[in-house]
Every structure is written in structure tokens, then in C-alpha cells.
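Below is one structure, written out as C-alpha cells, with a few remarks after it.
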Amino acid sequence: MAKILVTGGLGFIGSHTVVELQQAGHEVVVVDDLSNTTIEVLNRIKKISGQEPTFIKGDLKVRQTVSGLFRAHPDLDGVIHFAAFKAVGESVEKPLEYYENNISSLVYLLQELRDRKLDNFIFSSSCTVYGQAEKLPITENSPVVPAISPYGNTKQIGEEIITQAVEAHNFKAISLRYFNPVGAHPSAEIGELPLGVPLNLVPYVTQTAAGLREQLSVFGDDYPTRDGTAIRDYIHVVDLAKAHLVAMERLLQKKNEENYEVFNLGTGTGSTVLEVIKAFEKVSGETLNYKIVDRRAGDVTAAYADTTKANEVLGWKTEKTLEDAMADAWRWEKKIRNIN
Ligand code: UD1
């Protein structure tokens, strides 16, 4: 059993990962500034796992918060760093806030790791680092292209900072490049809680079906794909959370082959926007109100993962389907909106 710090542990992917770590017998300390979630998630984690993680409300772009955390918990064995701003459009409006938040928190955490000779760091990265890859499916060797948004750039810069810090200070780290995380815990206790109007597809779909939104806009049907809508690799958040457990145990058990490793986390299968809608309609029995509109600026045509490295080297693979994810997302949406 290890003691793991999970930053952003009350967020969407963070909360699901906390549950998986606890269910595997690990002790978890969560730090979250509650900027994009609520404290209620703590109780909901406890409802699933039977244990409440230690919780610290704190802002990691404040140096003293980070050092205070490690002083209070000198026996940490590893860190999984989720805490970050993640809205692509907002990052274009507020680039400096994105750099301040996403980069300084990372640097402060890595300084603590270095100073305390603590190994075992996992970073939330994104397939956005590949932009529109020339070859599909996307392997970890696909070139990282200049980011379009400040958000994407914080992920690229984050990976570079970790690469150089690992080299200089000899600790161990893994970056996990997520494709499109969707769904919710099958218990419907935790899920995605977008503030305001959702920007991502699946919460927009479920909120439209729940009557919170009038109509879903499908951004473009003139892409060079099988039905004209864009293709993404939608991965169930529970599968994604399990990959963090496997990656952390890989580091703890010193099974890593290099001090810094990178893995793509996706299902390996791309789905179009219309296929996502169909999967939702099938599992929910609802008819979704949607219309085709213009493309959204900055969207790529198609992105889906080559999962060979994650499968063979990490020893992890997805178990859930797109339909599972849509069913769980819908169960969660109905629960938080009190729909029977
Ligand atoms: C992108 C990034 C991802 C990042 C995420 C943060 C890529 C490949 N992915 O995800 O790394 O973490 O932003 O938000 O760069 N769509 C609609 N109608 C909607 C919403 C979305 O048609 O109302 C379509 C989009 O055009 C896209 C797909 O649904 O084709 C998925 O969109 P979204 O859920 O926003 O995720 P990405 O843009 O793929």
C-alpha cells in the first residue's frame, strides 16, 4: 500500500482515479482548489469506496500551499497531477492565467519532488499535443506539433519541463496523453460537472436530452470522414482512471523502462459525432434534438489512439465501450437533474 497525493482529486478524472487507488488499497491525499468542482464529491467518493480521502483545499500556484502539503505529508510515495485549467476557448481569452496556473503548479510540485528525493510523478497530458496527426491511429512517436491554444501549449510545455527535470534530477515520471474522456462512474455517484454551458460533446448531449439545452449543434458535416462529422477516440473515464493506477504501480514497483515514459490513453477506435449521438439514442431510448452547423474553429478532423504501447508496455487496455460510456453519462445526468 502506498500513499499518493492526487491534485485536482475532486475533478472529473481525478475523482474516478481516487476511487480506483482506494479500491486497490492505496491511501489517498487529495488537494483541490474547488474552482471547477464541489466539496460534495468527497462524500460521493466515500460512498463508492467506503473511505474518505484526506482532503486539503488549496491552490497549487501558491508556493507555500505546495510546500505545506509535503511538510504535512512527508511520507508520500507518489503524486498524480490533475489540477489544471482545461477549457480551450477560455485559454485563448486568458492565456496568462492558463500559464500561471498550469505551469507554476507543475514547477512547484517538481521542486518538492526534487528536494525530498521523491520519485513517482504522473502528469495529465493530452492528445492535443499531436494536433492533426498525419498518420492514424496516433502512436506516441507521432510528432508533437506547435499547439493552437494556450491550453494545449501548457500540456506541451508541461511535458518538456518534466523531461528536463527528470534528466537533471533523476526521478521517475509518466505523462499520460488522454484522448476524449467521457462517461461517469457506473454507481452514478461521480461524473462530469461542467460549470455553465458545456463545451465538450458528451455533457452537451446529456444536458440536451435532460432538457437543459434546447438543441445540440454538430460542428461540421463536411469533414473527409465516413459521415462527414469529426472523429475522436472516446474513452470511458473509469478505464482512464484504471490506467493511472496501473501507471502509478508501475513506478512504485520500479517496472518502468525509462525514467520518463509517455503513453497514449484511448480505446484505439474513432467515432464520429453522429455515431456518438446514435450510441446515446440507443442506450437512452431518447431522441436527441440536434442540427448541423459550421465547423468549430481549431477542431481537427480525426484523432484516435494507437494503443499498442499502453497495451503491451503498460499492460492496460480499455474494457468499456462507447455505449457503456453513454449509458453511464446518461445515468449520471439523470441523477443530478432528478430525472427518473
Ligand atoms: C479537445 C482536445 C482535448 C482537450 C479538450 C478540452 C483535441 C483532439 N482534443 O477535445 O485534448 O482536452 O479539447 O476541452 O484537440 N462537438 C460538437 N458539438 C458540441 C461539442 C463538440 O459537434 O457541442 C464536436 C467537436 O467538434 C469534436 C467532438 O464533438 O469533433 C468532440 O469535441 P469535444 O468534446 O469538445 O472535445 P475535443 O475538441 O476533441
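The values are calculated or read from the model by the stated rules, or taken from the named source; none is laboratory data. Keep in mind it's a predicted model, so treat the numbers as computed, not measured. Virtual Cβ from ideal backbone geometry, glycine too; neighbours counted across all protein chains shown. These accessible areas exclude ligands, DNA and RNA; they are computed on the full protein's heavy atoms, side chains included. Shrake-Rupley method; radii C 1.70, N 1.55, O 1.52, S 1.80 Å.
None of Ala83, Ala72 is over 30 Å from Pro224 (Cβ atoms), of a type in the set (A, V, I, L, M) and surrounded by fewer than 19 Cβ atoms within 10 Å (Cβ to Cβ) except Ala72. Restricting the first member to segment 168-182 and to residues that are more than 20 Å from Ala243 (Cα to Cα), and the second to residues that are modelled with pLDDT of 95 or more and outside any strand (DSSP E or B), the beta-carbon pairs closer than 6 Å and six or more apart or on different chains are His169/Arg114; Phe171/Leu113.
The rows are residues; the columns are (1) modelled with pLDDT of 95 or more; (2) crowded, with 22+ Cβ neighbours inside 10 Å; (3) more than 14 Å from the ligand (Cβ to nearest atom).
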{"site": "Ser124", "(1), (2), (3)": "yes, yes, no"}
{"site": "Ile148", "(1), (2), (3)": "no, no, no"}
{"site": "Asn153", "(1), (2), (3)": "yes, no, no"}
{"site": "Ile157", "(1), (2), (3)": "yes, no, yes"}
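Name the residue that is surrounded by the most Cβ atoms within 10 Å (Cβ to Cβ), counting only residues in segment 39-64 that are in contact (Cβ under 8 Å) with a residue 24 or more places away in the chain and among the polar types (S, T, N, Q). Across segment 39-64, the extreme among qualifying residues is Ser49. Applying the set (1) part of a strand (DSSP E or B); (2) more than 20 Å from Lys254 (Cα to Cα) to Val145 leaves exactly one unmet item: (1). Which residue pairs have Cβ atoms under 7 Å apart, sit 6 or more places apart or on different chains, and have a first residue in segment 282-306 that is assigned to a helix (DSSP H, G or I) and a second that is more than 8 Å from the ligand (Cβ to nearest atom) and modelled with pLDDT of 95 or more? The qualifying pairs are Lys282/Glu323; Val283/Glu323; Val283/Met326; Val283/Ala327; Val283/Trp330; Ser284/Ala209; Ser284/Trp330.
Might you check whether a residue that is surrounded by fewer than 19 Cβ atoms within 10 Å (Cβ to Cβ) and closer than 26 Å to Lys155 by Cα occurs anywhere in segment 5-18? Within segment 5-18 (the criterion being surrounded by fewer than 19 Cβ atoms within 10 Å (Cβ to Cβ) and closer than 26 Å to Lys155 by Cα), the answer is no, since none of the residues qualifies. Do you know which residues across segment 58-73 are of a type in the set (D, E, K, R) and in contact with an Asp or Glu (Cβ under 7 Å, 6 or more places away or on another chain)? Scanning segment 58-73 gives Asp59, Lys61. Of the listed requirements (1) of a type in the set (S, T, N, Q); (2) open to solvent by less than 30 Å² (accessible area, probe 1.4 Å); (3) farther than 24 Å from Leu195 by Cα, Gln23 misses just one: (2).
Candidates in segment 126-144 are the residues that are in contact (Cβ under 8 Å) with a residue 24 or more places away in the chain and among the polar types (S, T, N, Q); of these, the one that is farthest from the ligand (Cβ to nearest atom) is Thr139. For segment 184-212, a residue qualifies if it is within 16 Å of the ligand (Cβ to nearest atom), assigned to a loop (DSSP other than H, G, I, E, B), open to solvent by less than 50 Å² (accessible area, probe 1.4 Å) and touching a Phe, Trp or Tyr at 6+ places or on another chain (Cβ under 8 Å), and the qualifying residues are Ala184, Gly191, Glu192, Pro198. When segment 213-264 is examined, which residues are found to be more than 12 Å from the ligand (Cβ to nearest atom), of a type in the set (D, E, K, R) and surrounded by 20 or more Cβ atoms within 10 Å (Cβ to Cβ)? Passing the criteria: Asp239, Lys242, Arg250, Glu261. The one condition from (1) open to solvent by less than 30 Å² (accessible area, probe 1.4 Å); (2) over 21 Å from Ile162 (Cα atoms); (3) over 18 Å from the mean Cα position of the chain (by Cα) that Leu110 does not meet is (2).
Taking the listed residues Leu274, Leu245, the one that is among the hydrophobic types (A, V, I, L, M, F, W, C) and over 24 Å from Ile48 (Cα atoms) is Leu274, with no other qualifying. Within segment 212-239, being touching a residue at least 60 places away in the same chain (Cβ under 8 Å) and over 24 Å from the mean Cα position of the chain (by Cα) holds for Leu212, Glu214, Gln215, Gly220, Asp221, Asp222, Tyr223, Pro224, Thr225.
Tell me which residues, restricted to segment 291-328, are within 12 Å of the ligand (Cβ to nearest atom) and touching a Pro at 6+ places or on another chain (Cβ under 8 Å). Within segment 291-328, Thr301, Tyr304, Ala305 meet the criteria.
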